[in-house]
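All remarks here apply to the structure that follows.
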Amino acid sequence: MIRRGVSGAGDPLSSDSSSTTFQPQSDLSGPVLVTGGTGSIGSELVRQLLDAGVSEVRVFSRDDSEQALLRTRLGNPEALHLIIGDVRDRQAIGEALVGVERVFHAAALKHVDLCEANPRETFLTNVTGTHNVVAESHRQQVRHFLLISTDKAVEPVSTLGASKFLAERLVIAAHPLFQDGGTTVLRFGNVLGSRGSLLPILIEQLKRQPTIEVTTPLMTRFVCTAEEAAAEAIAASTQTAAGERLVLKSPALRLGDLIEVFARRAEGHFGWAPGSIAVRQVGARAGERLDEQLVAASEVGHLEDLGHLYRIASDPVGAFDRLPDDCRSDAIEPLEPEAIGALIDRLDHLFPAPRDRVTDGGGSP
């Protein structure tokens, strides 16, 4: 078992871009297009691209209200251009791509249970949508295309995972068509605190009553932050050889440990009495695995260790004869409570201001 504990700074994840293997270069220029640019990862990509001085950052997404909020949060910078559109609409994406040098494709349906219940919609967005964006990127002579992917694409058992598996294959297969650049896939685990993920859902539950739900406390997941994922995506777009899949190494945690630490920290924010938050186990949902892995068994022979990243090369390299332990969320030692606490503290913006409440845990505000 590989141990991954707390770093010297008390934080198991770092959003400092200096931690990336590949550093963005001065040739990171615009125009750049970010699909799904109002989502958790997409909006962080937009912020970091603007901070890097990209001359034009285009956001392509469906939600005009989220676009307006993003513009306000970022201070309405001149380099930000908002485009309302759907990746299912090939003509719209083609028009948005005119003159673009780099594409970060973050648009996707991502919730396991909702994708399971809506396979057609999932296919249209995650597969057909990806095909539209990568095909139009080639037609518009985009220099580089990067797909944001997920560990759910590894030996998939869910509709979401199958759709991202196909999206990865589409993007890698398109690489030879890009004469002056290419395509890259960046794969990682759960983005802690992202919109609609576990922590925001728990926060919504605690606004109503001192009870939170967990699927099963023994479930393990790889975790990273949106800041880290975005920094790696930008660096990969400028520094890696195209036509490859990159896998971000990440710590893992048990859901039960996350719930326990979160409940202790949440009590003060919601005014619940110490120890009054109850945890209700609801069981795994359709399409969910108990544990995750970052690399498929069929990819092991193509695997190269780059430090905090793995590269899945197009040709076999023979560096590994079995799946490394740090590619399995049940083989790497889970984060300890203090490390989980450090992560939650970094997401303090998700919590409402502390409230006074009846201290028996059952009264009204």
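The values are calculated or read from the model by the stated rules, or taken from the named source; none is laboratory data. Keep in mind the model is a prediction, meaning the values are calculated, not measured. A quick note on method: Cβ atoms are made from the backbone with ideal geometry, for glycine too, and the neighbour counts reach across all protein chains shown.
Numerical summary
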| quantity | calculated |
| --- | --- |
| Extreme residue, modelled with the lowest pLDDT, among residues of the range 33-65 that are closer than 12 Å to Arg195 by Cβ and not in a loop (DSSP other than H, G, I, E, B) | Ser40 |
| Close pairs (8 angstrom Cβ cut-off, 6 or more residues apart or separate chains): of a type in the set (D, E, K, R) in the range 162-182, buried (at least 20 other Cβ atoms within 10 Å of the Cβ) and assigned to a helix (DSSP H, G or I) anywhere | Lys164/Asn126; Lys164/Lys152; Lys164/Ala153; Glu168/Ala153 |
| Qualifying position, being surrounded by fewer than 15 Cβ atoms within 10 Å (Cβ to Cβ), touching a strand residue (DSSP E or B) at 6+ places or on another chain (Cβ under 6 Å) and among the small types (Gly, Ala, Ser), among Ala252, Ala297, Ala278, Ala286 | Ala278 |
| Pick from the range 77-99, criterion part of a helix (DSSP H, G or I) and either aliphatic (A, V, I, L, M) or in contact with a Gly (Cβ under 6 Å, 6 or more places away or on another chain) (or both), ranking: surrounded by the fewest Cβ atoms within 10 Å (Cβ to Cβ) | Ala92 |
| Residue pairs meeting the criteria (Cβ under 8 Å; at least 6 apart or on separate chains; first farther than 13 Å from Val185 by Cβ, in the range 290-312; second assigned to a helix (DSSP H, G or I)) | Glu292/Asp151; Glu292/Lys152; Gln293/Asp151; Gln293/Cys327; His308/Ser19 |
| Flag if Ser158 is more than 21 Å from Gly85 (Cβ to Cβ) and touching a residue at least 24 places away in the same chain (Cβ under 8 Å) | yes |
| Residue that is farthest from Ala153 (Cα to Cα), among those in the range 194-249 that are charged (D, E, K, R) and under 12 Å from the mean Cα position of the chain (by Cα) | Glu227 |
| Leading residue by the ranking (surrounded by the most Cβ atoms within 10 Å (Cβ to Cβ)) among those in the range 118-141 that are without any contact (Cβ under 8 Å) to a residue 60 or more places away in the chain and aliphatic (A, V, I, L, M) | Val134 |
| Ser163 vs. criteria crowded, with 23+ Cβ neighbours inside 10 Å, touching a Ser or Thr at 6+ places or on another chain (Cβ under 6 Å) and either at positive phi or among the hydroxyl-bearing types (Ser, Thr, Tyr) (or both) | yes |
| Identity of the residue in the range 289-329, among the hydroxyl-bearing types (Ser, Thr, Tyr) and under 20 Å from Ile172 (Cα atoms), that ends up nearest to the chain's Cα centre (by Cα) | Tyr310 |
| Answer residue from the range 239-278, given it is in a helix (DSSP H, G or I) and in contact with a Lys or Arg (Cβ under 8 Å, 6 or more places away or on another chain) and is modelled with the highest pLDDT among those | Leu255 |
| Within the range 107-221, helices (runs of 4 or more DSSP H) holding 2 or more residues that are within 25 Å of Val32 (Cβ to Cβ) | 129-139, 159-174 |
| Those residues of the range 61-76 which are of a type in the set (Gly, Ala, Ser) and surrounded by 15 or more Cβ atoms within 10 Å (Cβ to Cβ), in sequence order | Ser61 |
| Cross-chain or 6+ apart pairs with Cβ under 7 Å, the range 36-56 first and within 10 Å of Ala79 (Cα to Cα), then among the polar types (S, T, N, Q) | Val54/Ser29; Ser55/Ser29 |
| Which listed residue, of Ala92, Ala106, Ala68, is at pLDDT 95 or above and in contact with a strand residue (DSSP E or B) (Cβ under 6 Å, 6 or more places away or on another chain) | Ala106 |
